[in-house]
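Below is one structure, written out as structure tokens; comments come after it.
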Amino acid sequence: MQSSQVRKILLIEGALNLIMMLCKLIAGILSQSAAVTADAIHSLSDVANNCIAWLAIKMSSEPPDKDHPYGHQKFEQLAVFFLASLLTVVAFEMIVHAVRRFGEPVEQSLIGLVILFISLLINVSITWWEKRWAIKLNSPILHADAAHTFSDVMTTVAVIVGWQLAYYGYPWLDSVFAIFVSGLIFYLAFKLFQSAIPILVDQRQLDERAVKNAITDLDKVNDVTRVRSRSDGKNIIADITVTVSSQVSTYESHQIADAIESLIANRFNVSDVVVHIEPN
């Protein structure tokens, strides 16, 4: 149910972003402003973001199957990585476009200005609405998308200022602000890479020393020989190897494993723990 609600929210936002992208593109054509055109391209990336996020949520909610016994949760992070790559390309293209138009005059357009202000108000509303749902559904992807939409608000403000300064005698500032918008998108791409890559490459999630200290305090545990941990994007998964006396029975070993699983789950907020017992 939560997954379907998140997808519905992303569809609504995607439709609004598509409308705003078309409006900004019209404003850019009317004004001949590189910064406004750059913001329209940025809105196009928002539409792509919504589509990818929708597809990722759908795929990541699928249960484990024969080919994916651990589940499909990482599809969401793979989509984030793809989006970050797309944003990097878009930002680079925007810089090239801004440099080519450096110093060229822009035109004033009351219609274009009104369109940008309307899109600004819509983005503020979307940010508030999506943040509200993100809290209600406890959805990380909606939290991230709300932050992305808020960055659009700041971008549009920068575009309006750059356009108006360019029109009133400083045409070079239009390209400068377009490059500034590109910088914001580069930063957004970097943050997305920063969140996705550690999960995709199974970066360690737990402090190994803290885990070992907690487990060795348990009765009949001699040593902790291996602690491995990773994340699937939502949950922490760990596998742990401990040694016990060779005199410990199979039944007692099973009880020790249960105790370790309960300890790690409760103290370190781990959702899936596999414990391997070795005699010593």
Which ones in the stretch 235-245 are out of contact with any helix residue (DSSP H, G or I) (no Cβ under 9 Å at 6 or more places or on another chain) and either open to solvent by 50 Å² or more (accessible area, probe 1.4 Å) or over 29 Å from I141 (Cα atoms) (or both)? N235, T241, T243, S245
Consider A91 carefully, then state whether it is at pLDDT 75 or above, under 26 Å from C23 (Cα atoms) and surrounded by 17 or more Cβ atoms within 10 Å (Cβ to Cβ). yes
Take the conditions assigned to a helix (DSSP H, G or I) and either within 19 Å of A27 (Cβ to Cβ) or in contact with a helix residue (DSSP H, G or I) (Cβ under 9 Å, 6 or more places away or on another chain) (or both) and apply them to A196. Does it pass? yes
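One line per residue, one yes/no per condition, for (1) farther than 18 Å from S43 by Cα; (2) under 19 Å from the mean Cα position of the chain (by Cα):
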{"position": "A134", "(1), (2)": "yes, yes"}
{"position": "L137", "(1), (2)": "yes, yes"}
{"position": "L142", "(1), (2)": "no, yes"}
{"position": "D145", "(1), (2)": "no, yes"}
{"position": "F150", "(1), (2)": "no, yes"}
{"position": "A158", "(1), (2)": "no, no"}
{"position": "G162", "(1), (2)": "no, no"}
{"position": "I185", "(1), (2)": "no, yes"}
Among the listed residues F177, F186, identify the single one that is at pLDDT 85 or above and of a type in the set (F, W, Y). F186
From the list K220, K212, which residue is assigned to a loop (DSSP other than H, G, I, E, B), over 28 Å from N49 (Cβ atoms) and not small (G, A, S)? K220
Subset of the stretch 207-235 [under 27 Å from the mean Cα position of the chain (by Cα) and under 14 Å from L263 (Cα atoms)]: none
Residue check, I135 assigned to a helix (DSSP H, G or I), modelled with pLDDT of 75 or more, surrounded by 14 or more Cβ atoms within 10 Å (Cβ to Cβ) and out of contact with any Lys or Arg (no Cβ under 9 Å at 6 or more places or on another chain): no
Can you tell me which residues in the stretch 49-60 are more than 17 Å from D272 (Cβ to Cβ) and out of contact with any Leu (no Cβ under 6 Å at 6 or more places or on another chain)? C51, L55, A56, I57, K58, M59
Candidates D202, D207, D232, D223 - the one that is open to solvent by 80 Å² or more (accessible area, probe 1.4 Å), at pLDDT 80 or above and charged (D, E, K, R): D207
L173 is checked against (1) surrounded by 16 or more Cβ atoms within 10 Å (Cβ to Cβ); (2) touching an Asp or Glu at 6+ places or on another chain (Cβ under 8 Å); (3) without any contact (Cβ under 8 Å) to a residue 40 or more places away in the chain and fails just one. What number does that condition carry? (2)
Pairs returned, first residue in the stretch 250-270 that is in contact (Cβ under 8 Å) with a residue 12 or more places away in the chain, second residue that is part of a helix (DSSP H, G or I) and open to solvent by 20 Å² or more (accessible area, probe 1.4 Å), beta-carbon separation under 8 angstrom, 6 or more apart or interchain, are F268/A210
Among (1) under 30 Å from S60 (Cα atoms); (2) open to solvent by 30 Å² or more (accessible area, probe 1.4 Å); (3) modelled with pLDDT of 75 or more, where does S151 come up short? (3)
In the stretch 45-79, residue nearest to the chain's Cα centre (by Cα) [restricted to those that are open to solvent by 60 Å² or more (accessible area, probe 1.4 Å) and among the acidic types (D, E)]: E62
Scan of the stretch 246-271 for residues that are open to solvent by 20 Å² or more (accessible area, probe 1.4 Å), under 30 Å from H143 (Cβ atoms) and part of a loop (DSSP other than H, G, I, E, B), ordered by number: N269, S271
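The values are calculated or read from the model by the stated rules, or taken from the named source; none is laboratory data. Everything numeric in this text was worked out from a predicted model, so none of it was measured. Counting neighbours? That spans all protein chains shown, and the Cβs are built from the backbone with ideal geometry, glycine included. Only protein heavy atoms, including side chains, enter the accessible area calculation; ligands, DNA and RNA are left aside. Shrake-Rupley method; radii C 1.70, N 1.55, O 1.52, S 1.80 Å.
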